[in-house]
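Undergrad: This is the structure I want to talk about, given as structure tokens.
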Amino acid sequence: MIKLCTLFSGSKGNSTLITNGNTNLLIDAGVSANRICAALRQVNLEPYELDGILITHEHRDHIGGVGTLSRKYNVPVYANHDTALEMLSVTGNISESNLREICAGGRFEIRDMEIYPFSTPHDAVAPMGYTVRSGDEYTSVATDLGCLPRNLLKHLCKSETVLIEANHDVEMLKRGPYPYRLKQRILSEKGHLSNESAAHLAVQLAVWGTKKIILGHLSEQNNTPDLALSAVTAALELHGIRTGADVLVRVAPPSEICTFSNA
């Protein structure tokens, strides 16, 4: 049984654990190694039990603790070539034996899990999301998305549990304190998903059979958990999809552990 645990999820840092009890993967490590280690221990996992860290992209809120974790606990780091080159200025040196090059559209294995990386639309050098398979179960992580291209959606269609982005409420963002250029960046097709776009994605996932949808990477300045949840549940119910019965929808807190399983 796959479990997905959001350890940290938000503009200040992101890290997600995916485990089947035998293989333990982190997707991103965007806060300090000490904080990630403390979070792992809350779910009865020691950092040396990690089998790999999968990198989505090189922004600091996704890689801040990667270098220390890899060096201190001998954890392999998986990233595409361009992302690896960009991130080393933040992570510091990662040993050649622990830096594993992967590519979007490919497939690779870590112990008894299969991982399928896919390209995502974001303003990073070569951003990716991940679908993880264990046995017949699939789980996906797709955050930091500026839009929803069709070729991205096909990578999520088999997953029972999906972590998606609900970054901002458009009106809050427009009225908020961010500089105009930053607002335009967030609203662009290589920025972040709004609540409304997340709702559209949630409906499509539920139609395909996803049973658990986690809303993550919420902006603390431009969104609230209530706004994100209301937008998504309203869209689902408009399409006749019952939240709590047909699909479970929850918001990942920024710095509290939230666990979801495919059971």
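Undergrad: What number goes with the only condition from (1) within 25 Å of A39 (Cα to Cα); (2) surrounded by 15 or more Cβ atoms within 10 Å (Cβ to Cβ) that Q221 does not pass?
TA: (2)
Undergrad: Yes or no: the range 255-262 includes at least one residue that is surrounded by 14 or more Cβ atoms within 10 Å (Cβ to Cβ), of a type in the set (A, V, I, L, M, F, W, C), in contact (Cβ under 8 Å) with a residue 40 or more places away in the chain and part of a helix (DSSP H, G or I).
TA: The answer is no; no qualifying residue exists.
Undergrad: Any idea which of (1) closer than 21 Å to H217 by Cα; (2) out of contact with any His (no Cβ under 7 Å at 6 or more places or on another chain); (3) open to solvent by less than 50 Å² (accessible area, probe 1.4 Å); (4) of a type outside the set (S, T, N, Q) is the one R60 doesn't satisfy?
TA: Here R60 meets the rest and fails (3).
Undergrad: For the range 47-81, which residues satisfy the criterion of being β-branched (V, I, T), within 20 Å of P117 (Cα to Cα) and in contact with a Ser or Thr (Cβ under 8 Å, 6 or more places away or on another chain)?
TA: Residues satisfying the conditions are I53, I55, T56, I63, V66, V77.
Undergrad: Against the condition farther than 23 Å from V125 by Cα, modelled with pLDDT of 95 or more and among the polar types (S, T, N, Q), how does N167 come out, does it pass?
TA: Considered against the rule, which asks whether it is farther than 23 Å from V125 by Cα, modelled with pLDDT of 95 or more and among the polar types (S, T, N, Q), N167 comes out as no.
Undergrad: Let me ask something else about it. Just wondering, is there one or more residues in the range 179-193 that are open to solvent by 30 Å² or more (accessible area, probe 1.4 Å) and either among the β-branched types (V, I, T) or farther than 21 Å from C147 by Cα (or both)?
TA: yes
Undergrad: Just for the range 233-251: of the residues that are under 18 Å from S159 (Cα atoms) and outside any strand (DSSP E or B), which one is least open to solvent (accessible area, probe 1.4 Å)?
TA: L236
Undergrad: Follow-up question, since we're still on this one. If you go through the range 10-24, how many residues are buried (at least 23 other Cβ atoms within 10 Å of the Cβ) and either in contact with a Cys (Cβ under 8 Å, 6 or more places away or on another chain) or among the hydrophobic types (A, V, I, L, M, F, W, C) (or both)?
TA: Residues meeting the conditions: 3.
Undergrad: Please tell me if T139 is among the polar types (S, T, N, Q), in a strand (DSSP E or B), free of Cβ contacts under 8 Å to residues at least 60 places away in the same chain and surrounded by 15 or more Cβ atoms within 10 Å (Cβ to Cβ).
TA: Answer is no for this residue.
Undergrad: Now for a separate question. Yes or no: the range 194-206 includes at least one residue that is open to solvent by less than 50 Å² (accessible area, probe 1.4 Å), closer than 19 Å to T56 by Cβ, assigned to a loop (DSSP other than H, G, I, E, B) and modelled with pLDDT of 95 or more.
TA: Looking for residues that are open to solvent by less than 50 Å² (accessible area, probe 1.4 Å), closer than 19 Å to T56 by Cβ, assigned to a loop (DSSP other than H, G, I, E, B) and modelled with pLDDT of 95 or more, one finds none in the range 194-206, hence no.
Undergrad: Within the range 207-218, which residues are small (G, A, S) and open to solvent by less than 10 Å² (accessible area, probe 1.4 Å)?
TA: Scanning the range 207-218 gives a single hit, G216.
The values are calculated or read from the model by the stated rules, or taken from the named source; none is laboratory data. Treat the numbers as computed from the prediction; the structure is a model and nothing was measured. Positions of Cβ are backbone-derived with ideal geometry, glycine not excepted, and every protein chain shown enters the neighbour counts. Surface accessibility is based on the protein's heavy atoms, side chains included, excluding ligands, DNA and RNA. Shrake-Rupley method; radii C 1.70, N 1.55, O 1.52, S 1.80 Å.
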